[in-house]
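One structure below.
The values are calculated or read from the model by the stated rules, or taken from the named source; none is laboratory data. Treat the numbers as computed from the prediction; the structure is a model and nothing was measured. Here the Cβ positions follow ideal geometry from the backbone for every residue, glycine too, while neighbour counts run over all protein chains shown.
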């Protein structure tokens with residue numbers, strides 16, 4: 001009697017498949033022209049802010065301008081990249097029929113979504129690291145230039161050590177690393193939210209529009225909530241404000257640029273709370289995206 005060969009059991013979850021999908025996604029995203037355009041744009045801003053000579057300004061203001069422009073450019077670039085690139089991932093795979101090929105192998109929809117999202121996270125990590133390296137290089141170049149001029153100007157001044165100490169504090173503020181990490185966590189959140197929207201949207205333009213609308217709501221939500229609660233609203237308004245606060249994160253919590261530029265110390269507890277909140281929203285948005293995508297007819 002002939003016996004059929006035993007079938008290899010299909011594993012419900014495979015990190016190897018997720019990693020393979022994320023690697024292919026990263027390569028596809030790197031080839032996007034918009035990625036290179038925005039990256040060059042951001043690096044030009046950071047470079048011009050670092051190497052442009054600012055006349056008749058104390059070094060404190062020079063470093064504040066450099067840090068404000070550089071961190072602002074980094075934040076804007078990663079937000080645009082996270083939104084524009086993520087919004088196109090699912091529609092592009094549907095148009096190229098790559099999605100149907102992967103799901104027919106079969107690859108579980110959860111692994112497909114997680115692979116695409118991880119690829120986007122890797123792209124954002126690479127771009128953030130590149131810009132951070134350029135930013136640090138600009139800071140060091142400005143620091144050595146200003147330090148040389150300061151030593152030459154105050155070579156015989158008794159308070160030269162205190163001046164150099166003040167220079168160090170302004171050139172490399174204590175909140176620099178937490179600020180960059182907060183920017184990265186914020187764009188991970190926005191990328192996940194954009195992926196969630198793309199699971200039920202059939203239009204790239206609609207996905208981008210709704211994503212930027214959600215970003216705008218998250219940016220003003222904290223101020224609007226504080227204002228409305230001071231007006232002694234009714235129970236219905238309070239419930240509405242609570243619902244909006246749960247659905248949309250307060251993105252002001254991730255904006256540490258002003259505190260960093262001002263040289264303020266960022267409390268460890270506040271920073272860890274912000275990071276935890278960001279990853280909590282990433283988890284919830286990913287879960288909702290999977291639920292919607294699992295019931296979507298393809």
Quick one: which residue in 145, 162, 75, 132 is loosely packed, with under 14 Cβ neighbours inside 10 Å and farther than 22 Å from residue 206 by Cβ? 162
Can you confirm whether residue 248 is at pLDDT 90 or above and within 18 Å of residue 182 (Cα to Cα)? no
Exactly one condition in (1) surrounded by 14 or more Cβ atoms within 10 Å (Cβ to Cβ); (2) in contact with a helix residue (DSSP H, G or I) (Cβ under 9 Å, 6 or more places away or on another chain) is not met by residue 157; state its number. (1)
Does segment 117-135 contain any residue that is over 23 Å from residue 192 (Cβ atoms) and out of contact with any helix residue (DSSP H, G or I) (no Cβ under 6 Å at 6 or more places or on another chain)? yes
In segment 263-292, which residues are outside any helix (DSSP H, G or I) and without any contact (Cβ under 8 Å) to a residue 24 or more places away in the chain? 267
Return the residues of segment 226-252 that are without any contact (Cβ under 8 Å) to a residue 40 or more places away in the chain and either outside any helix (DSSP H, G or I) or closer than 27 Å to residue 175 by Cα (or both); say none if nothing qualifies. 226, 230, 231, 232, 233, 234, 245, 248, 250, 252
Output the number of residues of segment 1-35 satisfying the condition of being in a helix (DSSP H, G or I) and at pLDDT 75 or above. 16
